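Report on the following structure.
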Amino acid sequence: MEATEFQVMELITTAGESKAKAFEALKMVKSKNFDEARSLIEEARKIDVKAHRIQTELITKDLSEDEESPAIGLLMVHAQDHYMTSQLAKDLIETLIEVLDN
């Protein structure tokens, strides 16, 4: 496995971990345990920092004139999809916490 492929796989797994934390938070929202939900969202946010770093490194490689651009294949698209949906899930669940804990 090439270094870029490893980074793409790492982005997929990291985004998946973040999304899993966000959906754990949603379970806490359903049981009205808002403090635990906020804690889980904060964990998801910390994991997102790692995913964002990986994404930034991949984009930087793509834009660099010194390095060969990574191939944009189905795996890369899949990774971006995971990252995007993890961000969306976290943001929506965080908003639900704000709305429902009034």
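The values are calculated or read from the model by the stated rules, or taken from the named source; none is laboratory data. Quantities reported herein were computed from a predicted structural model and do not represent experimental measurements. Note that each Cβ is placed from the backbone with ideal geometry, even for glycine, and that neighbours are counted across all protein chains shown.
When you scan the stretch 93-102, how many residues do you find that are in a helix (DSSP H, G or I) and surrounded by 12 or more Cβ atoms within 10 Å (Cβ to Cβ)?
5
Those residues that are crowded, with 16+ Cβ neighbours inside 10 Å, out of contact with any Leu (no Cβ under 6 Å at 6 or more places or on another chain) and free of Cβ contacts under 8 Å to residues at least 24 places away in the same chain, I need them from the stretch 21-42; list them, please.
Within the stretch 21-42, Met28, Leu40 qualify.
With the condition kept exactly as written, say whether any residue in the stretch 66-75 is over 20 Å from Lys27 (Cβ atoms), in a helix (DSSP H, G or I), modelled with pLDDT of 90 or more and out of contact with any Pro (no Cβ under 9 Å at 6 or more places or on another chain).
Looking for residues that are over 20 Å from Lys27 (Cβ atoms), in a helix (DSSP H, G or I), modelled with pLDDT of 90 or more and out of contact with any Pro (no Cβ under 9 Å at 6 or more places or on another chain), one finds none in the stretch 66-75, hence no.
Going through Lys32, Lys27 one at a time, which residue ends up being closer than 30 Å to Val99 by Cβ and in a helix (DSSP H, G or I)?
Sole residue among the options that is closer than 30 Å to Val99 by Cβ and in a helix (DSSP H, G or I): Lys27.
Between a residue in the stretch 73-102 that is touching a residue at least 12 places away in the same chain (Cβ under 8 Å) and any residue that is surrounded by 12 or more Cβ atoms within 10 Å (Cβ to Cβ) and outside any helix (DSSP H, G or I), which pairs come within a Cβ distance under 9 Å, given they are 6 or more apart or on different chains?
Note: pairs meeting the criteria are Met76/Pro70.
Can you name the number of the only condition in (1) surrounded by 13 or more Cβ atoms within 10 Å (Cβ to Cβ); (2) of a type in the set (Asp, Glu); (3) over 16 Å from Glu10 (Cα atoms) that Glu65 fails?
Among (1) surrounded by 13 or more Cβ atoms within 10 Å (Cβ to Cβ); (2) of a type in the set (Asp, Glu); (3) over 16 Å from Glu10 (Cα atoms), the lone unmet condition for Glu65 is (1).
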